[in-house]
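What follows draws every value from the coordinates through simple rules; no lab data is involved. Because the structure is predicted, anything quoted here is derived from the model rather than measured. Using ideal geometry, Cβ is built from the backbone for each residue, glycine included, and neighbour counts are taken over all protein chains shown.
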Amino acid sequence: MSNSAISVTGTTPTDALGRVLLHEHLLSLLPGPWTNGRGIDDSICAASRALSGLRARGFKTVVDLSPYNVVGRSACGENVTLLPEIAKEAGINIILGTALYLEAYAPQWALDASPAELTHRFVADATTGIGGSNIRAGIYGEQATSLGEITSFEERVLRAIAVAHRETGLAIMTHTTHGTMAREQVELFRTEHVDLDRVVIGHIDTQLHLQLARELIEAGVLIGIDTIGKQNWDFFLGPTPSVRPEGKYEKHAFFRSDIGRADLVAALVADGFASRIILSHDLTGAEVWMNPSTLGQWGYSYLDAIFLPMLRERGVTESDIDQMLVRTPARLLGGAE
């Protein structure tokens with residue numbers, strides 16, 4: 001395995017990554033241009049400001065795990081060219097993921113693509129560049145499956161990601177919709193001969209099922225405790241309708257406490273599983289507004305300022321924290337040439 005990670009500015013030695021936020025979305029911090037007070041869409045400034053202060057807390061790297069057509073990534077990926085400027089202004093290593101989200105959000109080119117075409121796209125993203133740029137992906141993800149099902153399209157994409165992983169060596173991070181289909185993701189990857197030691201099953205903290213977390217780890221994968229600070233959120237199974245009928249409408253909303261997340265992490269660490277856990281926020285601008293006392297107060301610093309002290313109170317050691325934020329991310333992000 002290589003000792004370098006692929007970043008938006010080239011390659012970075014894995015021993016220079018520092019603490020890593022492995023699941024974020026840097027181009028989804030603004031709901032629109034009005035909010036920055038200048039009437040322009042200034043995603044670069046918003047992300048650079050949001051990242052300020054992270055280095056002082058030991059974080060030198062952020063992974064933008066945005067799939068095509070959602071959470072800030074354009075349908076064909078050409079706006080990844082904004083990320084090198086953000087990295088430069090913030091003084092942070094930025095590493096890009098590449099993936100496709102739920103079928104309902106997929107761009108038309110992806111819906112029309114054959115398995116071979118999807119694999120070719122994901123290999124090219126890692127070896128040539130995303131969206132016609134020379135900015136390469138350094139990890140696959142967040143590759144998504146739906147609530148309680150894996151659609152035929154999502155299965156096709158998961159298998160394409162698996163083949164691309166075998167060719168490039170990049171690790172894989174997934175999205176489970178509220179923790180569902182986690183076991184099925186693992187089994188699919190197993191049948192595709194994926195190196196499960198380079199797979200992170202995401203959003204396991206949205207359900208807080210200790211037995212599920214243990215089962216996944218014992219199956220050979222890592223798990224993402226990667227929605228830290230998102231105690232309240234709306235979740236969508238498809239794009240928001242452009243036109244609604246007048247009056248009340250229903251939506252899906254959820255609450256998960258960070259106390260529960262801290263309890264889950266501490267229990268797993270006590271079981272000896274610190275090396276099988278990654279930590280992040282999955283922060284977007286919408287969730288900042290919905291969580292004014294957590295992400296609204298602290299942003300990307302929340303994990304260090306608030307959540308890590310909660311872990312320490314539960315007996316998690318500095319070595320355990322270093323494992324989850326430094327050593328394990330470095331291992332996952334290394335290994336590609």
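Label reach from Ala116 (point 7 Å along Cα→C-beta): in the stretch 124-140, amide nitrogens under 19 Å belong to 124-125.
Determine the calculated [θ] at 222 nm for the chain from helices alone, applying -39500 (n - 2.57) to every DSSP H run no shorter than 4 residues and normalising by the residue count; nearest 500 deg cm²/dmol.
Calculated at 222 nm, the ellipticity per residue is -9000 deg cm²/dmol.
Find me the longest stretch of the chain that has none of the exposed chymotrypsin sites (Phe, Trp or Tyr not before Pro), where exposed means in a DSSP loop (not H, G, I, E or B) with at most 16 other Cβ atoms within 10 Å. Between the exposed loop sites, the longest stretch runs 1-235. Taking a straight line from the alpha carbon of Lys230, these aspartates and glutamates sit under 19 Å away, with near neighbours fewer than eight places off in the same chain left out: Glu24, Asp64, Glu142, Asp205, Asp258, Asp263, Asp282, Glu287, Asp304.
The stretch between Glu218 and Gln297 holds 24.8 nm of extra length on full extension. This uses 0.36 nm per residue minus the Cα-Cα distance. For the chain, excluding the exposed loop sites themselves (trypsin sites (Lys or Arg not before Pro), DSSP loop, at most 11 other Cβ atoms within 10 Å), the longest remaining stretch covers 39-247.
Kindly provide log₁₀ I(q)/I(0) values, in the same order as q = 0.11, 0.14, 0.16 Å⁻¹, from the Debye equation applied to equal alpha-carbon scatterers of the stretch 4-333. With no solvent term, the Cα-only Debye profile gives -0.64, -1.11, -1.52.
Rounded to whole Å, give me the distance from the Cα center of the stretch 57-79 to that of the stretch 110-125. Answer, in whole Å: 19. Report the local net charge at Glu117: Lys and Arg +1, Asp and Glu -1, summed over other residues whose C-beta lies under 14 Å from its C-beta. It works out to a net charge of +1. Under the simplified labelling scheme, the Phe236-Asn134 pair shows an inter-label distance of 3.6 nm, with each label point 7 Å from Cα along Cα→Cβ. Between the C-alpha center of the stretch 173-215 and that of the stretch 276-334 there is a gap of 19 Å. Temperature 25 °C, viscosity 0.890 mPa s: under these conditions the Stokes-Einstein estimate for the stretch 10-134, based on its Kirkwood radius over C-alpha pairs, is 158 µm² per second. A simple spin-label model places the labels of His252 and Leu210 2.7 nm from each other, with each point 7 Å out along Cα-to-Cβ.
Seen from every direction in turn and averaged, the convex hull around the alpha carbons of the stretch 254-326 projects onto 4.9 nm².
Placing +1 on the Cβ of every Lys and Arg and -1 on the Cβ of every Asp and Glu, with nothing else charged, gives the stretch 4-333 a dipole about its Cα centre of roughly 540 debye. Using a Gaussian network model of the chain in which every pair of alpha carbons under 10 angstrom is joined by a spring, one finds that among Gly260, Gly58, Gly272 the greatest mean-square fluctuation is at Gly272. Need one number: the % of Cα-Cα pairs in the stretch 212-262 sitting beyond the 14 Å mark. Taking all Cα-Cα pairs of the stretch 212-262, the fraction more than 14 Å apart is 69 percent. Using 17 Å as the cut-off for backbone N distance, which residues of the stretch 287-307 belong to the label zone defined by a point 7 Å from the Cα of Ala56 along Cα→Cβ? Output list for this probe position: 297-306. Taking the chain as a Gaussian network of alpha-carbon nodes connected by springs under 10 Å, the highest mean-square fluctuation of the residues Val288, Val243, Val269 belongs to Val243.
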